[in-house]
Every structure is written in structure tokens, then in C-alpha cells.
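J.: First the structure, then my questions, so here it is.
The values are calculated or read from the model by the stated rules, or taken from the named source; none is laboratory data. Predicted model, so just to flag it, every value in this text is computed and none were measured. Please note: Cβ atoms are built from the backbone with ideal geometry, for glycine as well, and neighbour counts cover all protein chains shown.
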């Protein structure tokens, strides 16, 4: 059975809290800053999203190949704006809470 590797890079935000990973609606694990998580899954299409407190990522559809795959979960605006994103944290938490996190498929 293939594995999905979930990576969370180090960053400025959310250092003390884990991101919870949901696959097909069920929580399958938590990933802390700068760490990885491996989840054994059947190959094929799955729905993924991540959460932290009351914020989350948009759900994505992901086709896990038989050889396994890899994704990265990150704070959405931090990668675009770096330290300047600190000014946008509160508005993002309250106004854009369903897009606070992002999931990138690694190739």
C-alpha cells in the first residue's frame, strides 16, 4: 500500500501548534513545524484538507499514485509575503479562515 508523505516547513507562524491533516473527512494525523508525517493510503483519488484551530485550507482532490506521493502544508500568505504577512494575520484569521492554510502537491 502506498504512503502519502506530508511535510510542513519551518516558518514564522504557528510555531507552537500542529496542523491537523484530514483525508476523506477523517483526521489522520498531526504535523508540527519542520516535521513530516507519513500516512498509508490506498492509491487513487482522495480529498485532503488541513486545519489549525478554527482555520483551514481549501479541500483539494488528490490522486495518490501506486508509488506514493508527497504534499506540503503551509500558511498560505506567509510564503508570498514573508514577514510582511504578520500585519495580515488577524484579518486573515477572521475574514479568510477557510484559506489560512494551503496544500501544495510536490512533484
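J.: Among the residues of the range 1-11, what is the count of those that are in a loop (DSSP other than H, G, I, E, B) and either at pLDDT 95 or above or out of contact with any helix residue (DSSP H, G or I) (no Cβ under 6 Å at 6 or more places or on another chain) (or both)? Before the answer, list the steps.
T.: Filtering the range 1-11 for residues in a loop (DSSP other than H, G, I, E, B) gives 1-2, 8-11.
This time we only want the ones that are either at pLDDT 95 or above or out of contact with any helix residue (DSSP H, G or I) (no Cβ under 6 Å at 6 or more places or on another chain) (or both), so: 1-2, 8-10.
Result for the range 1-11: 5.
J.: Consider residue 102 carefully, then state whether it is surrounded by 15 or more Cβ atoms within 10 Å (Cβ to Cβ), modelled with pLDDT under 95 and within 17 Å of residue 27 (Cα to Cα). If you could, list the steps in order and put the result at the bottom.
T.: Numbers: surrounded by 15 or more Cβ atoms within 10 Å (Cβ to Cβ): yes; modelled with pLDDT under 95: yes; within 17 Å of residue 27 (Cα to Cα): yes.
Criteria met by residue 102.
J.: Out of curiosity, is residue 80 modelled with pLDDT of 95 or more, over 19 Å from residue 19 (Cα atoms) and either part of a strand (DSSP E or B) or out of contact with any helix residue (DSSP H, G or I) (no Cβ under 9 Å at 6 or more places or on another chain) (or both)? Step through it out loud before you land on a result.
T.: On the way: modelled with pLDDT of 95 or more: no; over 19 Å from residue 19 (Cα atoms): yes; either part of a strand (DSSP E or B) or out of contact with any helix residue (DSSP H, G or I) (no Cβ under 9 Å at 6 or more places or on another chain) (or both): yes.
It is false that residue 80 is modelled with pLDDT of 95 or more, over 19 Å from residue 19 (Cα atoms) and either part of a strand (DSSP E or B) or out of contact with any helix residue (DSSP H, G or I) (no Cβ under 9 Å at 6 or more places or on another chain) (or both).
J.: Quick one: count up the residues across the range 12-42 that are free of Cβ contacts under 8 Å to residues at least 60 places away in the same chain and part of a strand (DSSP E or B).
T.: Here is the first cut: in the range 12-42, the ones free of Cβ contacts under 8 Å to residues at least 60 places away in the same chain are 15-18, 20-42.
Filter again for part of a strand (DSSP E or B), leaving 20-23, 26-31, 36-40.
Final tally of qualifying residues: 15.
J.: Go through (1) modelled with pLDDT of 95 or more; (2) farther than 13 Å from residue 73 by Cα; (3) not in a strand (DSSP E or B) and name the single condition residue 45 misses.
T.: (3)
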